[in-house]
Amino acid sequence: MPEYKWPDMKDRSLLGKRVSRLDGPDKVSGTAKYCSDIKRPGTLYGRFLRSPYAHAKVVSIDISAAEKLPGVKAVKIIKGPGSEIQWALDEVVGVAAVDEQTAEDAIRKIEVKYEKLPHFVKEEDLSKAGKNAKPAAEQVTGDPDKGFQEAEVVVEGEYGIPVITHCCLEPHGQVLEWEDDKNLTVYPSTQNVSGMASQYEKPLQIPASNIKVRMNHVGGGFGSKFGADGWGIESAHLAKQAGKPVKTFLEREAELFVAGVRPSHYAKVKVGAKKDGTLVAWHSESWATGGLTGGGMPPIPYVVNIPNQRKIHTAVVTNTGAQRAWRAPNHPQACWLTLAPLDDLAAKLNMDPLDFFIKNINLTGPRAELYRKELLKAAELIEWKKKWHPREGCRFGIPYLGWPRP
């Protein structure tokens, strides 16, 4: 890697300087307006009837009672008879009404009959996945069999991280207002202002140039707010049907079920080393899910390019909401699946994990010297040598991340 040299402090314009945030005064004073604060003249409120089943077929729908309820301005069937529901709380019928309570009352008046279908939602135990398990091709580097034969110390274990929801303080949602049949203004809670118009273009059959997207502040996204989402598209249809702006922000339950998750990752890991701590072999059997698409292989072993590897990965299809990005996709999971077993190996070697990682620092590639300096500086700042001790209940570990990975 090229060598970088920072300019002298006196020549720096940003690093080491206090920089005032442009949105800071509005946020700390409470005057910042988020899209969930917006109420356009004549605003209606959108709500959705959601499937109570993780996998089902819609047999019949009766919306007549909801349509007759005073204050209801639009009702739209999203998943009609014969449609297949693939995860719990997926949208079946949308309603727009003069207030939230009326919209919720209308939802309760809709009658839907379902045919329940077999479902699979828990991927922790791969042996129970059956046909939902989709194994990928085995990946081999070097000679892992020989590597483990030469290893003097070996550890094996099972490690994992379940799916995690983003839990944005401002839930997913938007306000949609039609100026006329061909021009739409969207006030979304999004991380992707510049990319929103193109996502509404095709389903609404209007040019992206006719769609204005306005947002001043977002109440958290963490990788989960890049899409228009199904409820956004359907709310636009409801707004057009009613001839009024429609405001739809997910209830917290729906936010947790359908607004995306960081995918899970699990692995059975075997790793070997010499008595001096030199890493020589890695074997992993990993699996993950991100909903109907399964879950891709995490970049393991992470950062540390252990010689002699065998990796087997299985994507697990589940009847759950889809995965979304979260802090360098798949990297936090890969960090845990790699560094947890390496920490276990250091413990079996009776080595301080810091010494163990420094011992193998050259396996981290072109950033090896940078990682070495960072680890030693961090150890100095937190007084690692004074605080670390061999395992006795409470455990201290050393993680490090490198995204994008070299």
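When DSSP beta bridges are limited to those with both residues in the range 159-229, what percentage is antiparallel, rounded to the nearest 5? Spell out each step's value before the answer.
Details: 6 of 9 bridges.
Given both bridge residues lie in the range 159-229, the antiparallel proportion sits at roughly 65 percent.
Compute and list, largest first, the equivalent-ellipsoid semi-axes of the range 15-120 from the alpha carbon gyration tensor, each √(5λ) rounded to a whole angstrom.
39, 22, 8
I need Leu49, Leu354 ordered by Cβ neighbour count within 10 Å, fewest first.
Arranged by neighbour count, lowest to highest, Leu49, Leu354 become Leu354, Leu49.
Wrap a convex hull around the Cα atoms of the range 125-192, take a quarter of its surface area, and give that in square nanometres.
11.2 nm²
Hey, what's the Kirkwood Rh for the range 146-282 if you take every pair of different alpha carbons, in angstrom?
By the Kirkwood definition, the hydrodynamic radius is 18.0 Å.
Which aspartates and glutamates, if any, have their Cα less than 17 Å from the Cα of Lys116, not counting same-chain residues under 8 positions apart?
List returned: Glu84, Asp90, Glu91.
Report the local net charge at Tyr187: Lys and Arg +1, Asp and Glu -1, summed over other residues whose C-beta lies under 15 Å from its C-beta.
+3
Multiplying the sequence separation of Lys113 and Cys167 by 0.36 nm and subtracting their Cα-Cα distance, what value in nm do you get? All intermediate terms of the calculation are to be shown ahead of the outcome.
Values: separation 54, 0.36 × 54 = 19.44 nm, distance 3.14 nm.
Value of the extension gain: 16.3 nm.
When we measure straight from the Cα of Lys274, which lysines land under 26 angstrom away, once same-chain ones fewer than 8 places off are left out?
Partners within reach: Lys146, Lys311, Lys348, Lys359, Lys373, Lys385.
Please report the antiparallel percentage of DSSP beta bridges with both residues in the range 230-382, rounded to the nearest 5.
Working: 8 of 16 bridges.
Of those bridges, close to 50 percent are antiparallel.
Considering only the chain, what is the antiparallel percent among its DSSP beta bridges, to the nearest 5?
Antiparallel bridges: around 80 percent, rounded to the nearest 5.
How much net charge surrounds Pro263 when only other residues with a Cβ under 15 Å from its Cβ are counted (Lys, Arg +1; Asp, Glu -1)?
Local charge sum for Pro263: +3.
Using the reciprocal of the averaged 1/r over all distinct C-alpha pairs, how large is the Kirkwood radius of the range 60-174 in Å?
Hydrodynamic radius (Kirkwood, Cα only) of the range 60-174 equals 19.8 Å.
If Lys and Arg each add +1 and Asp and Glu each add -1, what is the summed charge of the other residues whose beta carbon sits under 14 Å from the beta carbon of Leu69?
-2
For the chain, set up a GNM with springs between Cα atoms under 10 Å and report which of Ser264, Ser83, Ser286 has the largest fluctuation.
Checking each option, the largest mean-square fluctuation is seen for Ser83.
What's the Cα-based Rg to Rh of the chain, Rh via Kirkwood?
Expressed as Rg/Rh, it is 1.06.
So what's the projected area for the range 274-356, the Cα convex hull averaged over all directions, in nm²?
Mean projected area of the Cα convex hull: 6.1 nm².
Cut-off is 10 Å between beta-carbons; in what order do His283, His55, His217 appear when sorted fewest neighbours first?
In increasing order of surrounding Cβ atoms, one gets His217, His55, His283.
Taking every pair of alpha-carbon atoms in the range 208-338, give the share separated by more than 18 Å as a whole percent.
65 percent
Name the residue, out of Ala137, Ala103, Ala315, whose mean-square fluctuation peaks in a Gaussian network model built on the chain with Cα pairs under 10 Å.
Fluctuation is largest for Ala137.
So if we plug the beta-carbon distance of Ile77 and Arg21 into 1/(1 + (r/R0)^6) with R0 = 51 Å, what FRET efficiency do we get, rounded to 0.05?
The formula returns an efficiency of 0.70 here.
If you average 1/r across every pair of different Cα atoms in the range 1-58 and take the reciprocal, what Kirkwood value do you get, in Å?
Values: mean 1/r = 0.0549 Å⁻¹.
The Cα-based Kirkwood calculation yields 18.2 Å.
What do you get for the angle between helix 100-109 and the principal long axis of the chain? Use alpha-carbon atoms, 0 to 90 degrees, nearest ten.
Approximately 80 degrees, to the nearest 10.
Relative to the longest principal axis of the chain, what angle (0 to 90°, nearest 10) does the C-alpha long axis of helix 331-348 take?
Relative to the chain, helix 331-348 is tipped by roughly 30 degrees.
Between Leu184, Leu89, Leu204, find the one with the highest GNM mean-square fluctuation for the chain; connect C-alpha pairs within less than 10 Å.
Between Leu184, Leu89, Leu204, it is Leu204 that shows the largest mean-square fluctuation.
Could you work out the percent of alpha carbon pairs in the range 152-229 separated by over 15 Å, rounded to a whole number?
Percent of Cα pairs beyond 15 Å in the range 152-229: 62.
Every read-out reported here was derived from the displayed coordinates using simple, explicitly stated rules and does not represent laboratory data. Here the structure is a predicted model, which means the values were calculated and not measured. Positions of Cβ are backbone-derived with ideal geometry, glycine not excepted, and every protein chain shown enters the neighbour counts.
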